[in-house]
1. Restricting attention to region 83-101, and to residues there that are at pLDDT 75 or above, among the β-branched types (V, I, T) and surrounded by 10 or more Cβ atoms within 10 Å (Cβ to Cβ), which single residue is farthest from the chain's Cα centre (by Cα)?
2. For L175, work out the one condition from (1) farther than 21 Å from L199 by Cα; (2) among the aliphatic types (A, V, I, L, M); (3) exposed (fewer than 14 other Cβ atoms within 10 Å of the Cβ) it doesn't fulfil.
3. Taking the criterion of being over 26 Å from the mean Cα position of the chain (by Cα), at pLDDT 85 or above and more than 23 Å from A163 (Cβ to Cβ), would at least one residue in region 130-139 satisfy it?
4. Got a sec? Which of V129, V92, V61 is touching a residue at least 40 places away in the same chain (Cβ under 8 Å) and either more than 30 Å from G174 (Cα to Cα) or not small (G, A, S) (or both)?
5. Find the residue count for region 228-262, including only residues that are surrounded by 19 or more Cβ atoms within 10 Å (Cβ to Cβ) and in contact (Cβ under 8 Å) with a residue 60 or more places away in the chain.
6. Out of all the residues in region 227-248, is one or more touching a Lys or Arg at 6+ places or on another chain (Cβ under 8 Å) and either charged (D, E, K, R) or assigned to a helix (DSSP H, G or I) (or both)?
7. Which numbered condition in (1) surrounded by 10 or more Cβ atoms within 10 Å (Cβ to Cβ); (2) aliphatic (A, V, I, L, M); (3) outside the structural domain of L154 (by TED's automatic domain parsing); (4) farther than 23 Å from L170 by Cβ is the only one that A137 fails?
Amino acid sequence: MIETALGGAVATQVLVGERTFDLVVKIAPKAVSDLDSIRNLPVFGANSERLTLGALTTVEVRSGLAKIMREGNERRIAIKLSVRGRDLGSLVGEAQTKASTAVKLPPGYRMLWTGAFENQQRAMRRLLVVVPITIVAIFFLLFTAFDSGKFAALILLNVPFAAVGGILALPIAGLDLSVSAMVGFIALFGVSIQSGVLLVERVRELRRLGKPMREAVIQGSESRLRPVMMTALMAALGLLPAAISTGVGAETARPFAVVIIGGLVTATLLTLFLLPILYPSFESEQRELI
């Protein structure tokens, strides 16, 4: 059998014993449609015997591949698509479900989902390890700084409230959860915890000076209003151009910036209003602060 390719080249494989040899016959492109002429092509043997191509093989015209790609000594066919209006993870998940029921692959074939989806899954698995380690490391640093697990836990309450703001900001901005957004959450946790440290440390300082609980909490919150607001505004305003950008690279910069800006809104409100309310519950009245 001879399969036609581009440029008037006719290719097949010849099996001799247990060995296979590639055979290519170049002819004029117009002659491909004339099968009789192809069958009558002369072929000379090793002993000068004259045969025709039709006597040696079956001649047919079929559509062939213009290019055959290989990876790991295996043939590979790439099907590419662009994702718009949906997140990559949910789209590929839906496609995998439909493909598993609708597509029946012949023996020897397999389907792999690679490209940006594979990179995203690899990065997500790494972040599932990095994020818990980061939170544990932050708790350890807070514990050593305040010498109290209660105060470390109080400041870490900023983390879930900051995460809520970042998660809500993504659909508002028309974005989906991505690797860059996950990295933005890690940066957001650091900024939000810094604001909590400023407030708690000031209240503890006033308590060490002998201030009553209520007075210390109120004065501490008032004195740390400006530093906390400046910390949040500096980060938010600095990332605002990236959050509203639409140019090249915006698909990476926008989720990162939107997560931080949205998370700072809820984290700042928690630091200024909820943390002072919860502070008395985390400090024992009978404890003498040194």
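1. Here the answer is T97.
2. All conditions pass for L175, except number (3).
3. no
4. Sole residue among the options that is touching a residue at least 40 places away in the same chain (Cβ under 8 Å) and either more than 30 Å from G174 (Cα to Cα) or not small (G, A, S) (or both): V61.
5. 10
6. yes
7. Among (1) surrounded by 10 or more Cβ atoms within 10 Å (Cβ to Cβ); (2) aliphatic (A, V, I, L, M); (3) outside the structural domain of L154 (by TED's automatic domain parsing); (4) farther than 23 Å from L170 by Cβ, the lone unmet condition for A137 is (3).
Matching residues to (1) in contact with an Asp or Glu (Cβ under 6 Å, 6 or more places away or on another chain); (2) more than 23 Å from I172 (Cβ to Cβ); (3) free of Cβ contacts under 8 Å to residues at least 12 places away in the same chain; (4) not assigned by TED's automatic domain parsing to the domain that holds F139:
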| position | (1), (2), (3), (4) |
| --- | --- |
| V200 | no, yes, no, no |
| R226 | no, yes, yes, no |
| L264 | no, no, no, no |
| L272 | no, no, no, no |
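The values are calculated or read from the model by the stated rules, or taken from the named source; none is laboratory data. If you're wondering where the values come from, they're calculated on a predicted model, not measured in any experiment. Note: ideal-geometry Cβ built from the backbone for every residue, glycine included; neighbour counts use all protein chains shown.
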